[in-house]
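Peer 1: There's a structure below that I have some questions on.
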Amino acid sequence: MVLPVMGEMIGNEDGEEQQDCQRNAMKRWLSTHSEEYTWLKPTLLGDDVFWNYPICKEITEHGMSFIFTCKEETHPWLSEIVKYAYLEAKTMREWNGRHHVVYRYRWLNGVDIRDNRETMAVNYVYMEIAHEEKKKITYKHSWITNKEVTEENVALIAKCGRARWKIENEHTNVLKNHGYHLEHNFGHGEDHASEMFCLLNLLGFLYHGILGLADEAYQRAWASVGQRTEFFNYLRVAMRYALHESWESFFVFVSAEDPDG
């Protein structure tokens, strides 16, 4: 279950000539909201655009960790070091229900993030997945992290790095295509109407996630209908049938096989 954190909008302020971007938004988010989440000791995931010295340094100064995608073509300095260094290695093999899969990991701790300037040491992880019988690589990826990589945790770090696609799918994709209509242009209004409607969507998504994790009546109501979009449609229709004293009684009504029961 994905629960959103407070969002940070990307957009130019009046009078600003330089285009706003994800990196600037990340810096603003860290400055404004990091203290709210530091107690969780979170690990931030991100694509290749986020891993540069200023952002990685600021993340660690706020008591957080990171696992960011590392592309060879966009970071030639680190890639050159890794290419000619001795990397630790580990291989794992498992049956996925159809065929054997081989997981190969390579890692290197203590690589400078950049050269000729103030820098910091990061740790590099590479992973590839191969179809054993066909001897074909089906997936490969690499990351950098501030977490020390060991033989015991390298598979977990790679698994966490790969989880970014699941977060995006279960968060952004759901908000766009499964009942929240985040792709809709709500209009800019005179000031910040568009941003406010976006944040209200995030707030609604957060509460639905909490209910889905912790509220049994909500869970039963959702399970009785099935798909999320249909569940929302069902709720809208069900509200027209009767006036309920509480949300709990409403969800009991929705989940009951017999509406009069």
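Peer 1: Using alpha-carbon pairs under 8 Å, 6+ residues apart, how would you state the relative contact order of region 22-177 in percent?
Peer 2: Answer for region 22-177 is 20 percent.
Peer 1: Here are several values of mean projected area of the Cα convex hull in nm²: (i) 13.7; (ii) 11.5; (iii) 20.1. Which one was derived from the coordinates shown?
Peer 2: (iii)
Peer 1: Could you list which residues have their amide H under 5 Å from that of residue 114, counting only those 5 or more apart in sequence or on another chain, with H placed in the peptide plane?
Peer 2: HN-HN under 5 Å from residue 114: 120.
Peer 1: When ranked by the protection proxy of mean other Cβ atoms within 10 Å per residue, highest first, what sequence do the peptides 96-105, 200-209 form?
Peer 2: By packing density, highest mean first, the sequence is 200-209, 96-105.
Peer 1: Each residue of region 63-74 in order: what ³J(HN,Hα) in whole Hz does its phi give by Karplus 6.51 cos²θ - 1.76 cosθ + 1.60, θ = phi - 60°, with x for Gly and Pro?
Peer 2: x, 10, 10, 8, 9, 10, 4, 10, 9, 4, 6, 9
Peer 1: Right, here's the next one. Which of the GluC sites (Glu not before Pro) found in region 1-69 are in a DSSP loop and have at most 13 neighbouring Cβ atoms, other than their own, within 10 Å?
Peer 2: Counting only loop positions with at most 13 other Cβ atoms within 10 Å, the GluC sites (Glu not before Pro) in region 1-69 are 13, 16, 17.
Peer 1: Only bridges with both residues in region 11-151 count here: give the DSSP antiparallel percent, nearest 5.
Peer 2: Among the beta bridges of region 11-151, antiparallel pairing accounts for roughly 90 percent.
Peer 1: What residues of region 117-136 lie in the reach of a label at residue 65, counting those whose backbone N is under 13 Å from a point 7 Å from the Cα along Cα→Cβ?
Peer 2: 123
Peer 1: So which GluC sites (Glu not before Pro) in region 146-216 end up in coil per DSSP with only 12 or fewer other C-beta atoms within 10 Å?
Peer 2: Passing both the DSSP loop test and the Cβ count: 148, 151, 152, 183, 190.
Peer 1: Could you name the lysines in cross-link range of residue 176, using Cα to Cα under 18 Å and dropping any fewer than eight places away on the same chain?
Peer 2: 166
Peer 1: When the helix-only estimate is applied to the chain (DSSP H runs of n ≥ 4, each -39,500 (n - 2.57), divided by the residue count), what is the mean residue ellipticity at 222 nm, nearest 500 deg cm²/dmol?
Peer 2: -12000 deg cm²/dmol
Quick note: the coordinates plus some simple rules give every number you see, no bench work behind them. This is a predicted model, so every value here is computed, not measured. Positions of Cβ are generated from backbone atoms using ideal geometry, with glycine treated the same way; all protein chains shown enter the neighbour counts.
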